[in-house]
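J.: Please read through the structure below; I'll follow up with questions.
The values are calculated or read from the model by the stated rules, or taken from the named source; none is laboratory data. As the structure is a computational prediction, the values presented were derived from the model and not from experiment. Quick reminder, even Gly has a Cβ in these numbers, built from the backbone with ideal geometry, and neighbours come from all protein chains shown. Calculation scope for accessible area: heavy atoms of the full protein, side chains included, ligands and nucleic acids excluded. Shrake-Rupley method; radii C 1.70, N 1.55, O 1.52, S 1.80 Å.
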Amino acid sequence: MANYTQNYGLHQWEPGDDFLRSDFNQDFAKIDAAVKEVETVAERKKADKSELAALRSQVDEKTSLVIGQYTGNGTALTVTLGFRPAAVFIPIYQRYMAATFRGQAPQLVTLTDDGFTVQLGNDTIVTPNQSGSIYTYLAFR
């Protein structure tokens, strides 16, 4: 007399048991159904992840303000945002701020097609790019 597996009730024959084709067919039908269920769950989770990524992309596109940081290098430094900002503000020192807007002539901060570039400037204290200093920026779409 055959025993059965704990999880799926598949046949486990003992020595001397007769093998019936219908037993094999039942076992294969159970295995097929279990594999299909795992495949369906995996596909559903994959779809959920792609829907989440699409939603995150839509939110990113509609966000009007991006806040970030960079570390100055003392020369020209380009910060990549993935879009051309309308304006960038960089608090520098006490009450000083470097800023630029779309259409403004290049200064210490210059807009690029996918971010902005900062220069060192003449004043080592009031600069948006002192080597080793960490700067926080606000970039508007």
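J.: Could you tell me how many of the residues in region 41-52 are more than 17 Å from the chain's Cα centre (by Cα), open to solvent by less than 90 Å² (accessible area, probe 1.4 Å) and not β-branched (V, I, T)?
T.: Total meeting the criteria: 1.
J.: Conditions first: (1) more than 26 Å from the chain's Cα centre (by Cα); (2) of a type outside the set (A, V, I, L, M, F, W, C); (3) under 24 Å from Q130 (Cα atoms). T80 passes all but one, so which condition is the exception?
T.: If we test T80 against (1) more than 26 Å from the chain's Cα centre (by Cα); (2) of a type outside the set (A, V, I, L, M, F, W, C); (3) under 24 Å from Q130 (Cα atoms), just (1) comes out false.
J.: Then there's this: Given L20, L77, which one is among the aliphatic types (A, V, I, L, M) and in contact (Cβ under 8 Å) with a residue 24 or more places away in the chain?
T.: L77
J.: I need the strands (runs of 3 or more DSSP E) fully contained in region 22-141, keeping only those with at least 3 residues that are of a type in the set (S, T, Y).
T.: Strands (runs of 3 or more DSSP E) meeting the threshold: 134-140.
J.: I would also like to ask the following. When you scan region 111-141, how many residues do you find that are without any contact (Cβ under 8 Å) to a residue 40 or more places away in the chain and more than 27 Å from the chain's Cα centre (by Cα)?
T.: Looking only at that region, the number is 6.
J.: If I filter region 23-40 for residues that are exposed (fewer than 10 other Cβ atoms within 10 Å of the Cβ) and charged (D, E, K, R), do I get at least one hit?
T.: no
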